[in-house]
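The values are calculated or read from the model by the stated rules, or taken from the named source; none is laboratory data. From a predicted model like this one, the values you see are computed outputs, not experimental measurements. Here the Cβ positions follow ideal geometry from the backbone for every residue, glycine too, while neighbour counts run over all protein chains shown.
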């Protein structure tokens with residue numbers, strides 16, 4: 001899959017990365033329609049906050065659920081969802 005990756009302040013690249021996998025029974029995988037680069041992403045980009053590089057950027061998103069873990073009850077594959085920074089990993 002394609003991801004926006006911060007390597008160091010001022011160095012952002014679009015790169016192929018491994019597809020996500022369900023690791024925990026509460027995980028869900030979402031094929032993103034859009035993701036937001038917000039103000040908190042700009043702090044490390046500008047060098048104003050330390051970053052453990054490389055780091056994927058964008059943590060507010062919307063898209064289609066493609067797979068869910070065994071304990072997920074509130075969403076199912078095929079649903080359109082909107083996610084918040086507090087639920088991203």
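A compact table of results
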| quantity | calculated |
| --- | --- |
| Yes/no for residue 64 being surrounded by 13 or more Cβ atoms within 10 Å (Cβ to Cβ) and closer than 30 Å to residue 11 by Cβ | no |
| Filtered residue count, region 50-83, keeping only those that are over 16 Å from residue 26 (Cα atoms) and outside any strand (DSSP E or B) | 10 |
| Leading residue by the ranking (nearest to residue 12 (Cα to Cα)) among those in region 67-86 that are at pLDDT below 90 and surrounded by 12 or more Cβ atoms within 10 Å (Cβ to Cβ) | 85 |
| Complete set of residues in region 1-49 that are surrounded by 10 or more Cβ atoms within 10 Å (Cβ to Cβ) and in a helix (DSSP H, G or I) | 40, 41, 42, 43, 44, 45 |
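One line per residue, one yes/no per condition, for (1) touching a strand residue (DSSP E or B) at 6+ places or on another chain (Cβ under 9 Å); (2) farther than 15 Å from residue 5 by Cβ:
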position	(1), (2)
28	yes, yes
40	no, yes
53	yes, no
74	no, yes
83	yes, yes
